[in-house]
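Laboratory data are not the source of any read-out in this text; all were calculated from the coordinates shown. Computed from a predicted model, the values in this text were never measured in an experiment. As a convention, Cβ positions derive from the backbone with ideal geometry for all residues, glycine included, and neighbour counts pool all protein chains shown.
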Amino acid sequence: QLQLVESGGGLVHAGGSLRLSCEASEGTLEDYAIAWFRQVPGKEKEGVACVSYDASSTSVAASVKGRFTISRDIVKQTVYLQMNSLKPEDTGVYYCAAWWAPNVGICSTVDRNGLYNVWGQGAQVTVSS
């Protein structure tokens, strides 16, 4: 049974950078597409970025394009979200989520119909102005 854990959140000033990591505390990320979502109280969950199971495909939301980068280390079984030029509106709880998609060279930042069925506990990111 796959279990995910995020790390790397924290408090940063506007314009600063953070790197989030997503690892498996149980099981392996092999054959899973991984996505990052963020949640702000009072707002709907937003898909931020995703990477396919083999790292051949990535997608980044328009709201963070040019500032956030998703990457995947197949050997280390870790997915990273590099966040640069952070803004106060990037504040929220960031979750990584897994979609079992072997041999599917795509990913999605939309969790339609519960596509992503394994979620981490979340990492708080706070950007001060």
Count of the stretch 94-129 residues which are among the polar types (S, T, N, Q) and surrounded by 14 or more Cβ atoms within 10 Å (Cβ to Cβ): 3
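Residues to consider are A55, A98; find the one that is hydrophobic (A, V, I, L, M, F, W, C) and on the phi > 0 side of the Ramachandran plot. Write out each step before concluding.
Numbers: A98 fails: on the phi > 0 side of the Ramachandran plot.
On inspection, the qualifying residue turns out to be A55.
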Hits in the stretch 88-126 (condition: assigned to a loop (DSSP other than H, G, I, E, B), more than 18 Å from V60 (Cβ to Cβ) and polar (S, T, N, Q)): T91, N103, N117, Q121
Evaluation of S85 against (1) under 17 Å from A55 (Cα atoms); (2) touching a Ser or Thr at 6+ places or on another chain (Cβ under 9 Å); (3) in a loop (DSSP other than H, G, I, E, B) (one fails), failing number: (1)
Tally, over the stretch 79-93, of residues that are buried (at least 17 other Cβ atoms within 10 Å of the Cβ), out of contact with any Leu (no Cβ under 6 Å at 6 or more places or on another chain) and under 21 Å from E23 (Cβ atoms): 4
Strands (runs of 3 or more DSSP E) completely within the stretch 1-61 that count 1 or more residues being without any contact (Cβ under 8 Å) to a residue 60 or more places away in the chain and under 18 Å from I74 (Cβ atoms): 18-26, 46-51, 58-60
